[in-house]
Each structure stands twice: as C-alpha cells, then as structure tokens.
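Here's the structure we're looking at; comments come further down.
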Amino acid sequence: MNGQDRLGYEQRLALELAAIGQRLVTISAEMREHSAAVAPPPVAAPPVAVPAPPVVPPPPVQQQWPQPPPQQPWAPPQPRESLFEKLGKDGAGSKLLAWVGGAITVLGFVLLLILAIQRGWLGPLPRVIGGAVFSGALVGIGIWLHRNPAGRTGAFALAATGFAGLYLDVIAATSLYEYLPPPVGLVVGLGVAATGVVLALRWDSQTLAVGVVAACAICAPILTEGFTVLLVGFLLVLKMASTPVQIQRNWPGLAIAGGFPPIIASLFTTANAIPRDYEWTVVGVAAATTVVGITVALLTIRKRPDDIVAVALVAGSALPALFATTLLEDPANSVLAGAVAAVLLAIWMVPDLPRSFTTAAGATGMLALFQTTVIALDGNVRTAIVLAEAVLLAFLAARLDKRSALVGSIVFGAVGFLMAVGQAVPITWLVEEPRYVTVGSGDYAAGLVTALVLGVFAATAPWAALKMQVLREPAKHPVPWIAAGLVLLYGAAGAVLCAALLVSPDESGFLFGHSVVTVSWTIAALFLLVKGINNKALRISGLILVGAAVIKLVTFDLAALDGVARVLAFLGAGLVLLTAGTRYAKLVASARTPE
C-alpha cells in the first residue's frame, strides 16, 4: 500500500469512528429522556451544560460486497457398519429369518415339482393348478400382512416367494408340460413378473423387486433343464418387466438382477448349441439379448447419467451377439459383428452422453470392429485394413479429443505391427534373398501397401498424442518417439524392398532395394539434422539415424551386397553424408551468427 492509499484509508477510518461516536451520544440522550419520563422528578440541581457533539460530515458511502455464505461445519464421515453390527440391530434377525425362509420355500417348490414328475404324483394339470394356488395364497397373505407396519418384513418375503412361485409355475407349464405354447407362456410370465415388480414399486421396496426377479432367474434353469433358447426368452421377459421400474427408481440391485442373467444364459446357450442344428434360433435370441440390453442401457443413462450399472450393461450386452457369430458362416457372421460394431461406435460418437458410458460403448465397438475385420478378411489384406483402422482411430482421437480412440489406435496399431512382422512384411524379406523365400508378386504388392500404412500409422499416432497433450515433445519424452521412429523405419524399409522385389523378384531387385534403403536412411538423417538446427530432439534423431545407416553399411551391406549394389550403397551413402556434413556445418554457422 503506497502513501496516498494509506492516507485515504486512515481518513475513512476516522470518519467511520466519528460516526459511531455520534450515534452513541444520540442513543445515550434518548435513554436519559426515557428515564426522565418514567422516574420521579429528581431534586433540583444546577444545570450542567452538555457540549454539543461536533459536527461530523457524513461518511462516504462504502461499497457493500456480498458476503460469502456461511460454511457448513465439517462432519467426519460415518464409519460403515460391519456385518456383526447389522446383524445386531433390532429386527435384523426377523428379516434374515424371513428372507432365508422365502428362499428355501422357493427352492422347495422347485424340488417338489421335479419330484412329482419323477414319481408320477398327481397329474401334470393338478401340479400346475396346485402350484398356482399355493403361490397365489402366499402373495395374498403378504398383502394382508403389509397393512400392519410390524409385519411388513414378513410381507415382503412372502410376496416375493409367491410371485417367484407363480413365475416358475408358468415356466413349468410351458417347458415341462407344454400346456402353454412358448409365445403364450412368455406373455403370461411377463404379466406375472410385471405385477410383482409393480407391487414392489407401490410398496417402495427394492428388496421385494430384487427378490422376485433374482429368485426367478436363479431357479429358471432348473425347470428348463439347462440353458436353452426358451430360458433366454423367459429371462428377457424378466428384464423387460423390471426395466420401467428400474428406470423410474434408482435401484441398482434390480438393474443387476434383471440385466445380466439373460447375457450369461445366452452365452451358455450359444456354447452348448450344435452347429448346423438350430443355430439361427440361437443367433436370433442372442441378437435380441444384445438389442434389449443396449436399449435398456441407453434409456437408463438418459435418466441417470451417473448410473454405473448402465455402463457395464452397454459393454456386456454386445457379448451374446459377438459370440453367436461362431455359429454362422461367411458372410453372415461378419454382417452380425459389423452391425454390433456400427451401433456401438455410433453411440460412442454421441456428444451429450456421459464420457464413461461412451467410452465403454466405444471400447466394445472397437472390439466388434476388430472381430469383423478378422472374420471378413484374411491374409495380408487383413493386416493392411487393421493398420488403416488404427490410422483412422488416431485421426478421430485428435479431431474429437477422445482418449479412448487414441488407446484403440495404439492397440490396433500394435496388433497390426505384429501381424505385419509375422506375415505381411516378415523380417526375412529384409535379410534373405528371394531365392531363399518363395513369395508371389501378389504378396509383394500387399506387403508394399501394408508397409506404407504401417509407416503412416507410426507418424500419425504420436502426432495425435502430442496434439491431445497426452505425449510430450521428443526432448522431454523420448521413449515413445524412439519406438515410433523404429516402426517408421521398418515400414519404410519394407515398402522400398517390396517395391524393388515387385519390379524384379530376384537377387538384383533384393540388392537394389537394400541399396536404396541405405541411401534413404542417410537422406532422412540429413532432413532431420537440417530441421533440427534449433531442435535438440530432431538433431539427436538425425544423428542416431546416421549411426544406424553406418551400422547397416558395415554389418549387412558389406557382407550381403556385392558388385554394383555394394558400390551404389557405399557411394550413395558416402556422398549424402559428405553433402550433409558440409551443408549442415554452414547452416549451423549461419544460425549461430548474430544478425
């Protein structure tokens, strides 16, 4: 604070103090007047002159700044209750007994049906009717007990047991006794499950809803005699019945109980299916499971953007359809996988969805895209397409600022590089003469394309990472740049050799190609040195590339090449290095000379 500001502050403070003093004098005078009016008149005394208060100019209007809201007192986090503390609460024992009893009752009902079938007790129709009456009675007793708050724990358990029994009775009537056609049985089951979940919504009990859905999902495979298409249908019915309530209420337990059993059942059904038997039915049910799961996940995330179950559901729902492609032949399998990839990647591009949800959809969509590529293509063309997809993902990552796309690009590029080294552009082409390698011209052409795309990827991926600020400059973060440079060198060398062998698939083409590779390395080193006069990282890269070219000349070209090829390699590299040294020295000198 300077002198002028300090003087102004002191003046304002003096004026405010004077105003406070004047106010105190006024209050004192008012209090004396009030006391004189109430108290008896005092004994006369000589008047005392009260000096008038000094006239003080009104203080300047001070700017009133808004006061921050009062901070709430910090409350320490409440410790989580242990299992023993929960069991020690009042009423915990009754809840535990009620729900354990309900679970045992449902299991006993299922075992009774199986035993009745095995021993021929009664007939199929009395079994179905008796099970429905028994289960309906449990629901009725639960509704009656719910009227009394003290009996609601038992009401929830009884109602859940009754609805589970009714649903399993419908499954038995459809699957075991065939009294109901599958479409009718699914509709009736939908009505039973929806009634139970709606009652849970009315009673505001997630426990009841989870109990109904979970009991049906766990016991249903027993009555359908394993994982079948009909089982997946009944589990999808449970999922559809629970979805409206789950979307309206934030009940993650209900979302898990209704969302994932159809996915698991569909996977096991596909694994147990015999090819060429009824694969289209299995595939259709798997596709329906995927469609329903993705739709439910989208509806849920629109309602609650922070729902983690929806994130897991959008990723897991694609698995049944992707796994079902193993039952199909070309091109139907690639069409199914491509459709799943297109849907998930479209969701990945939606800008107003939560990032966690789109990331899960994008990761699964990229997996489906890779599966589609592997199924639809083969040989060197597949390798080139995988690398091209890596380049496309890198551009998308830089354009949309999606780190998941960058991760996908790196994964696709790494897999494509391994495929290229193993098949499309094997390292044997770079070190062995064609007489030792039996390769056709078509393979050299595909290798040329693959090597070019590999080089483009090696340049695009670090550029996208640098633009997204995921990767720092080469001088600060050299290891990824060195790795990308090595991949780029491999791609460039492979492209030159494949082009030379494509023109002359014999020893002369092999030798000429290696001569061009050596000279091209020295030219690239000169380019890096010239561009790196004021950039340390580029200078270092250029010097490393010079060293690599010299090492190649001494260790490989001198031994493998002969005749004109060896002369061309040494003369070309030497002349380029001499020119580079002379020109680079002049550039460095001019760059250091002050203007």
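The values are calculated or read from the model by the stated rules, or taken from the named source; none is laboratory data. Fair warning: this is a prediction, and the values are worked out from it, not measured in the lab. Glycine also receives a Cβ, built like all others from the backbone with ideal geometry; neighbour counts cover every protein chain displayed.
Observations
- Checking the stretch 145-156 against the condition returns a match, with at least one residue being over 35 Å from the mean Cα position of the chain (by Cα), in a helix (DSSP H, G or I) and under 21 Å from Lys239 (Cα atoms).
- Selection within the stretch 369-387 - among the aliphatic types (A, V, I, L, M) and closer than 25 Å to Pro351 by Cβ: Leu369
- Long-range neighbours under 8 Å by Cβ, at least six apart or interchain, first residue in a loop (DSSP other than H, G, I, E, B) within the stretch 323-336, second of a type outside the set (Lys, Arg) and surrounded by 15 or more Cβ atoms within 10 Å (Cβ to Cβ): Leu328/Glu279; Leu328/Val283; Leu328/Leu336; Asp330/Ile375; Asp330/Ala376; Pro331/Ala376
- Screening Ala376, Ala390 for residues that are crowded, with 23+ Cβ neighbours inside 10 Å, closer than 28 Å to Ala332 by Cα and of a type in the set (A, V, I, L, M) leaves exactly one candidate, Ala390.
- Scope the stretch 198-217; condition without any contact (Cβ under 8 Å) to a residue 12 or more places away in the chain and under 14 Å from Gly165 (Cα atoms); matching residues: none
- Entry remark, the stretch 498-515: residues being farther than 18 Å from Pro426 by Cα and surrounded by fewer than 19 Cβ atoms within 10 Å (Cβ to Cβ) number 3 in total.
- Residue selected from the stretch 435-476 under the condition surrounded by 18 or more Cβ atoms within 10 Å (Cβ to Cβ) and at pLDDT below 80, by the criterion nearest to the chain's Cα centre (by Cα): Pro474
- Cβ-Cβ under 6 Å pairs, at least 6 apart or on other chains, the stretch 162-175 side farther than 23 Å from Trp144 by Cα, far side of a type outside the set (A, V, I, L, M) and not in a helix (DSSP H, G or I): Ala173/Tyr179; Ser175/Thr224
- Residue among Thr295, Thr300 that alone is hydroxyl-bearing (Ser, Thr, Tyr), outside the structural domain of Phe268 (by TED's automatic domain parsing), closer than 23 Å to Thr243 by Cα and crowded, with 22+ Cβ neighbours inside 10 Å: Thr300
- Residues within the stretch 395-413 that are more than 18 Å from Val350 (Cα to Cα), of a type in the set (A, V, I, L, M, F, W, C) and crowded, with 24+ Cβ neighbours inside 10 Å, tallied: 1
- Residues of the stretch 233-250 include at least one that is crowded, with 24+ Cβ neighbours inside 10 Å, free of Cβ contacts under 8 Å to residues at least 40 places away in the same chain, aliphatic (A, V, I, L, M) and part of a helix (DSSP H, G or I).
- Complete set of residues in the stretch 131-182 that are in contact with an Asp or Glu (Cβ under 9 Å, 6 or more places away or on another chain) and among the small types (Gly, Ala, Ser): Gly131, Ala132, Ser135, Ser175
So that you can scan it fast, the table gives a plain yes or no per residue for (1) in contact (Cβ under 8 Å) with a residue 12 or more places away in the chain; (2) buried (at least 17 other Cβ atoms within 10 Å of the Cβ); (3) more than 19 Å from Leu230 (Cβ to Cβ):
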| site | (1), (2), (3) |
| --- | --- |
| Gly253 | yes, no, yes |
| Ile263 | yes, yes, no |
| Thr269 | yes, yes, no |
| Asn272 | yes, no, no |
| Pro320 | yes, yes, no |
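- Taking the criterion of being acidic (Asp, Glu) and touching an Asp or Glu at 6+ places or on another chain (Cβ under 7 Å), the only residue of the stretch 465-522 that qualifies is Glu507.
- Pairs where the first residue, in the stretch 298-313, is within 14 Å of Thr359 (Cα to Cα) and the second is among the aliphatic types (A, V, I, L, M) and not in a helix (DSSP H, G or I), C-beta under 7 Å, 6+ apart: Ile301/Leu353
- Residue in the stretch 336-345 that is over 25 Å from Val213 (Cβ atoms), among the β-branched types (Val, Ile, Thr) and either surrounded by fewer than 23 Cβ atoms within 10 Å (Cβ to Cβ) or in the same structural domain as Gly226 (by TED's automatic domain parsing) (or both) present: yes
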